[in-house]
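Working notes, beginning with the structure itself.
The values are calculated or read from the model by the stated rules, or taken from the named source; none is laboratory data. Please read all numbers here as calculations on a predicted model, not as lab measurements. Cβ: placed from backbone, ideal geometry, glycine included. Neighbour counts: every protein chain shown.
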Number of protein chains: 2
Amino acid sequence: MTPSSLDALIDALRCLPGVGPKSAQRMAYYLLQRDQRGAHRLAESLERALSSLQHCERCNTFTEERICQRCANPQRDARLLCVVEMPADLAMIEQTLAYKGLYYVLMGRLSPLDGIGPRELGLEKLLARATDGVVEEVILATNFTNEGEATAHMLSELLAARGVRASRLSRGVPVGGELEHTDSGTIAQALVERRTL
Amino acid sequence: MTPSSLDALIDALRCLPGVGPKSAQRMAYYLLQRDQRGAHRLAESLERALSSLQHCERCNTFTEERICQRCANPQRDARLLCVVEMPADLAMIEQTLAYKGLYYVLMGRLSPLDGIGPRELGLEKLLARATDGVVEEVILATNFTNEGEATAHMLSELLAARGVRASRLSRGVPVGGELEHTDSGTIAQALVERRTL
């Protein structure tokens, strides 16, 4: 007896990650009952984002132009290419103000369980970008999770086969970290990768 | 440096209940990267639901007609009116197959902290419905939470002032429940509201 357009909305909300049947129902009721303006705005921004956003031809991030402002900026050091998983990671690195090179955003990571292999990640585009003759070093800044590490490992092999120098963010004790409160895996890594002074 | 249509989408997703800035960002990336069809479908179902759904003139639930199919069904007992908070509650009661009367869906509950008082809940519409001369008993089936209890309490007073008989779902030990594993508040209620056999 549920009206079909309400059913369709509840069903459509389930495409959002982390939203199951109960939350989808709660969201639909909330939007229809308490925030119709928000719902209109959501529908419009979805359509606008879908029609206006594309992937930057150089760094693969979302942009409204063919090439994003960052890639088009001649002030950036084109010899350095930093590979990150998502735009949020790029934003974190930019916040450090410690990096002036360019980026490549994978928009994901290798994740065989979710059916995301090298082809789905579009690694060909990254390899073409990294072998443009200007890039001298690729900094692998994927996450230090199992999937991020696997992605970095595969990329380092692919890049080595093409004669491109690759590096990885260092692992170790966080700045301000006390050994007493650092997990043993991190301390072990910091020992193995200790720096000569 | 985030494209404005991406920013707008992330912002619009935050109108969903329980979605903060981090989840909104994750949802936006997911939709744009992995489920553009789902995003289109979501935008369309939002617009369709907003334009086609209205509140049933009699029971206040969402419907695509002026009066919903349940209210228009002459097989239902029009002398009984069951008041619930949300359509999901109505669905639970229908599943029992133990009730053949009609419903009134509040689409919420009294919640002073969220600014939802008697006026926002539209209690006038319910009171007009309950005093149509056909309804003989109003069954208050709001939740047994603080807010649901407060709503039932206020409704029972408003109905009593209008000479309409009101009742409340019974509280007590759940069917199949063992006293050893029932909370003491429920057992106390079951004692106070014990039935004479």
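Which numbered condition trips up A:Thr63, out of (1) touching a residue at least 24 places away in the same chain (Cβ under 8 Å); (2) facing chain B (nearest Cβ under 8 Å); (3) touching a strand residue (DSSP E or B) at 6+ places or on another chain (Cβ under 7 Å)?
Condition (1) is where A:Thr63 drops out.
Which number in (1) surrounded by 13 or more Cβ atoms within 10 Å (Cβ to Cβ); (2) modelled with pLDDT of 90 or more marks the one condition that B:Gly172 misses?
(2)
For segment A:63-176, give me every one of the strands (runs of 3 or more DSSP E) that falls completely inside it and has 3 or more residues that are in contact with a Phe, Trp or Tyr (Cβ under 7 Å, 6 or more places away or on another chain). Full working, then the answer.
Working: elements: A:77-84, A:101-105, A:137-140, A:165-168.
Counting at least 3 such residues, we get A:77-84.
For A:Ala88, work out the one condition from (1) of a type in the set (A, V, I, L, M); (2) within 16 Å of the chain's Cα centre (by Cα); (3) at pLDDT 95 or above it doesn't fulfil.
A:Ala88 satisfies every listed condition except (3).
How about segment A:71-86: which of its residues are surrounded by 20 or more Cβ atoms within 10 Å (Cβ to Cβ) and more than 16 Å from A:Thr151 (Cβ to Cβ)?
Within segment A:71-86, just A:Cys71 meets the criteria.
Conditions (1) surrounded by 13 or more Cβ atoms within 10 Å (Cβ to Cβ); (2) over 24 Å from A:Asp35 (Cβ atoms); (3) at pLDDT 95 or above, marked per residue:
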site	(1), (2), (3)
B:Tyr99	yes, yes, no
B:Gly108	yes, no, no
B:Leu113	no, no, no
B:Gly117	no, no, no
B:Leu123	yes, no, no
B:Leu127	yes, yes, yes
B:Val135	yes, yes, yes
B:Thr145	no, no, no
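Within 7 Å of chain B (Cβ to nearest Cβ) and either out of contact with any Phe, Trp or Tyr (no Cβ under 9 Å at 6 or more places or on another chain) or more than 22 Å from B:Leu106 (Cβ to Cβ) (or both): which single residue out of A:Leu32, A:Leu16, A:Leu6 fits that description?
Values: A:Leu32 fails: either out of contact with any Phe, Trp or Tyr (no Cβ under 9 Å at 6 or more places or on another chain) or more than 22 Å from B:Leu106 (Cβ to Cβ) (or both); A:Leu6 fails: either out of contact with any Phe, Trp or Tyr (no Cβ under 9 Å at 6 or more places or on another chain) or more than 22 Å from B:Leu106 (Cβ to Cβ) (or both).
Exactly one of A:Leu32, A:Leu16, A:Leu6 is within 7 Å of chain B (Cβ to nearest Cβ) and either out of contact with any Phe, Trp or Tyr (no Cβ under 9 Å at 6 or more places or on another chain) or more than 22 Å from B:Leu106 (Cβ to Cβ) (or both), namely A:Leu16.
Filter segment B:171-197 for residues that are touching a residue at least 12 places away in the same chain (Cβ under 8 Å) and of a type in the set (D, E, K, R) and give the result.
B:Arg171, B:Glu193
Mind listing just one residue for me: the one in segment B:35-60 that is among the polar types (S, T, N, Q) and more than 7 Å from every other protein chain (Cβ to nearest Cβ) and, of those, nearest to A:Gly108 (Cα to Cα)? Lay out the reasoning, then the answer.
We begin by selecting, within segment B:35-60, every residue among the polar types (S, T, N, Q); these are B:36, B:45, B:51-52, B:54, B:60.
Add one more test, that the residue is more than 7 Å from every other protein chain (Cβ to nearest Cβ), and what stays is B:51, B:54, B:60.
Details: B:Ser51: 36, B:Gln54: 41, B:Asn60: 45 Å.
Across segment B:35-60, the extreme among qualifying residues is B:Ser51.
Mind counting the residues in segment B:20-41 that are in contact with a Cys (Cβ under 6 Å, 6 or more places away or on another chain) and part of a helix (DSSP H, G or I)?
The total comes to 1.
Being among the charged types (D, E, K, R), without any contact (Cβ under 8 Å) to a residue 40 or more places away in the chain and not in a helix (DSSP H, G or I): is that true of A:Glu47 here? Give the steps one after another, and end with the answer.
Values: among the charged types (D, E, K, R): yes; without any contact (Cβ under 8 Å) to a residue 40 or more places away in the chain: yes; not in a helix (DSSP H, G or I): no.
When the stated conditions are applied, A:Glu47 does not pass them.
Which ones in segment A:19-29 are within 8 Å of chain B (Cβ to nearest Cβ) and either under 18 Å from B:Leu9 (Cα atoms) or aromatic (Phe, Trp, Tyr) (or both)?
If the condition is that a residue be within 8 Å of chain B (Cβ to nearest Cβ) and either under 18 Å from B:Leu9 (Cα atoms) or aromatic (Phe, Trp, Tyr) (or both), then A:Met27, A:Ala28, A:Tyr29 are the ones that fit.
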